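**Student:** Okay, handing you the structure first.
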Amino acid sequence: MKLLVVGAGMYVTGRGTSDPGTILLALAQAGRRVPIEEVVVCAQQASSAADVTRCRELIRGVLGARLPVHYESASELLSSATLAGRFDGCIVCVPDHLHHAIGMRVLGAGLHCLMVKPLTPTLREADELLALQAQQNLYCAVELHKRFDEGNLMVRRLIGEGALGRLSHITVEYSQRVRMPREVFASWASQTNIFQYLGVHYVDLVHFLTGFVPTRALGVGTRGVLSGADIDTYDSVHALVTWCNPHDQSEQLLAQYAIGWIDPNTSSAMSEQRFSLVGARGRVDCDQKNRGVSFTREGAGLEAVNPYFAKVLSTMDGNEFSGYGYRSIERFVLDLDDLRAGRVTPAELAPRRPTFQSARASTAVIEAVNASLAQGSSWQEIHAES
């Protein structure tokens, strides 16, 4: 199997940290199950070549795995006429505003694709990708790893069994350290907002847990901290979204989102994240930061560790990369292997995966919240049906 990775930032290579990130490490681990012949990382900055080399050596030290990965220039590779015949699939990990343009290139080349969230900021862009996907008969998914979190899967089962009764409302609190927009994403933070970039995880999660569709949205933003650092974006976005049961339109779920990225850099975890879901017969409270593991060391203070997301664990068979963040990427690799072998078709995968079509609902909410922010926090109708 030959894979293309577009983007070489923190999530791909661990740039700006002391670890190897997530995507390449996940591919190294997945390579123990499925033979991976070549991985090419392409990006715009020539300095990314050093990031890829550093990551490759870290992976070798951590997992003892020799991932066959190297860097190539995106400006040359993505315009190459040989792109179609060279790779079996592609993972796109670039800023939000580039998803449509890069997606159109790789889908146009006939590559199955895994896109980091969000799918796109607008429905027009999403629908153009969906049309090209259908034309090329491709399998295209979004890396929505919260669909793989065991805690969320338990809640999904409870909802499906009717244990919570008629659903009423869900409250989500999700925020990150201020170094993310000020340092890690400083070059493009002003071209997105925290609801679009991060809140989309819990927008999609409501859709995944319930099967409901969004009908209306309202957004309110706060400013000051980031604009004071010459980053023109919201410090936080607070949204109300109504969701409707498509099989019983009288059943309405109200979702309240408080999403921010100006937490102190000394907070105990990169992300604070929790939600509460209330129904007529039950309630679920899910703290997705405090997983029961903490670590204190000199010079770093207290860390709330989530070993269930994406961590290298020392097993009896040696070090292994595992967690729901890993499984999200592994699932794409395993599906790609099945597609190549003719064991499954894109149409057969579609009902069971976070496909572009499935992610369209979250894009509809993003677009509506962005419109509300731009129009004085007015309610916006959502028409998520394709």
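**Student:** Where in region 1-91 are there helices (runs of 4 or more DSSP H), lying fully within it, with 1 or more residues that are in contact with a His (Cβ under 8 Å, 6 or more places away or on another chain)?
**Tutor:** Passing ranges, in order: 48-63.
**Student:** Checking Tyr257 against (1) over 26 Å from Pro351 (Cβ atoms); (2) surrounded by 21 or more Cβ atoms within 10 Å (Cβ to Cβ); (3) out of contact with any helix residue (DSSP H, G or I) (no Cβ under 6 Å at 6 or more places or on another chain); (4) of a type in the set (Ser, Thr, Tyr), which single condition isn't satisfied?
**Tutor:** Only one criterion in (1) over 26 Å from Pro351 (Cβ atoms); (2) surrounded by 21 or more Cβ atoms within 10 Å (Cβ to Cβ); (3) out of contact with any helix residue (DSSP H, G or I) (no Cβ under 6 Å at 6 or more places or on another chain); (4) of a type in the set (Ser, Thr, Tyr) is unmet by Tyr257, namely (3).
**Student:** Go through Gly85, Gly110, Gly61 for me and flag whichever is surrounded by fewer than 23 Cβ atoms within 10 Å (Cβ to Cβ) and in contact (Cβ under 8 Å) with a residue 24 or more places away in the chain. Please lay out each step first, then the result.
**Tutor:** Values: Gly85 fails: in contact (Cβ under 8 Å) with a residue 24 or more places away in the chain; Gly61 fails: in contact (Cβ under 8 Å) with a residue 24 or more places away in the chain.
So the residue among Gly85, Gly110, Gly61 that is surrounded by fewer than 23 Cβ atoms within 10 Å (Cβ to Cβ) and in contact (Cβ under 8 Å) with a residue 24 or more places away in the chain is Gly110.
**Student:** If you don't mind, there's one more thing I want to ask. Considering only region 155-184, state which residues are hydrophobic (A, V, I, L, M, F, W, C) and part of a loop (DSSP other than H, G, I, E, B).
**Tutor:** Matches in region 155-184: Ala163, Leu164, Val178.
**Student:** Then there is this: From (1) outside any loop (DSSP other than H, G, I, E, B); (2) touching a Phe, Trp or Tyr at 6+ places or on another chain (Cβ under 9 Å); (3) in the same structural domain as Pro346 (by TED's automatic domain parsing), pick out the condition that doesn't hold for Asp127.
**Tutor:** Only one criterion is unmet by Asp127, namely (2).
**Student:** Could you list, ordered by first residue, the pairs with Cβ atoms under 8 Å in which the first is in region 329-342 and assigned by TED's automatic domain parsing to the domain that holds Gly31 and the second is aromatic (Phe, Trp, Tyr) and assigned to a helix (DSSP H, G or I), at least 6 apart or interchain?
**Tutor:** Arg331/Phe148
**Student:** Also: Taking the condition of being among the charged types (D, E, K, R) and under 20 Å from the mean Cα position of the chain (by Cα), how many residues in region 292-308 meet it? Walk me through it before giving the result.
**Tutor:** Of all residues in region 292-308, those among the charged types (D, E, K, R) come to 297-298, 303.
Restricting the remaining residues to those that are under 20 Å from the mean Cα position of the chain (by Cα) gives none.
Adding up the residues that qualify gives 0.
**Student:** I'd like to verify a number: residues in region 208-258 that are at pLDDT 95 or above, among the small types (Gly, Ala, Ser) and in a strand (DSSP E or B), how many?
**Tutor:** Final tally of qualifying residues: 7.
**Student:** Right, next: Would you mind finding the one in Ser80, Ser168 that is at pLDDT below 95, more than 20 Å from Ala350 (Cα to Cα) and polar (S, T, N, Q)?
**Tutor:** Details: Ser168 fails: at pLDDT below 95.
Sole residue among the options that is at pLDDT below 95, more than 20 Å from Ala350 (Cα to Cα) and polar (S, T, N, Q): Ser80.
**Student:** Could you figure out which of (1) outside any helix (DSSP H, G or I); (2) under 29 Å from Gly162 (Cβ atoms); (3) touching a residue at least 12 places away in the same chain (Cβ under 8 Å) isn't true of Asp285?
**Tutor:** It is condition (3) that Asp285 fails.
**Student:** Check off (1) out of contact with any strand residue (DSSP E or B) (no Cβ under 8 Å at 6 or more places or on another chain); (2) not in a strand (DSSP E or B) for Ile329 and give me the number that stays unchecked.
**Tutor:** (1)
**Student:** Could you pull out the residue among Val39, Val52 that is among the hydrophobic types (A, V, I, L, M, F, W, C) and without any contact (Cβ under 8 Å) to a residue 40 or more places away in the chain?
**Tutor:** Just a single option satisfies the conditions, and that option is Val39.
**Student:** Could you list all residues from region 312-348 that are of a type outside the set (Gly, Ala, Ser), surrounded by fewer than 18 Cβ atoms within 10 Å (Cβ to Cβ) and farther than 14 Å from Phe148 by Cβ?
**Tutor:** The answer is Leu313, Thr315, Met316, Asp317, Asn319, Glu320, Asp338, Arg340, Arg343, Val344, Thr345, Glu348.
The values are calculated or read from the model by the stated rules, or taken from the named source; none is laboratory data. In this text, all values refer to a predicted model and were calculated from it rather than measured experimentally. Ideal geometry is used to build each Cβ from the backbone, glycine not excepted, and the neighbour counts take in all protein chains shown.
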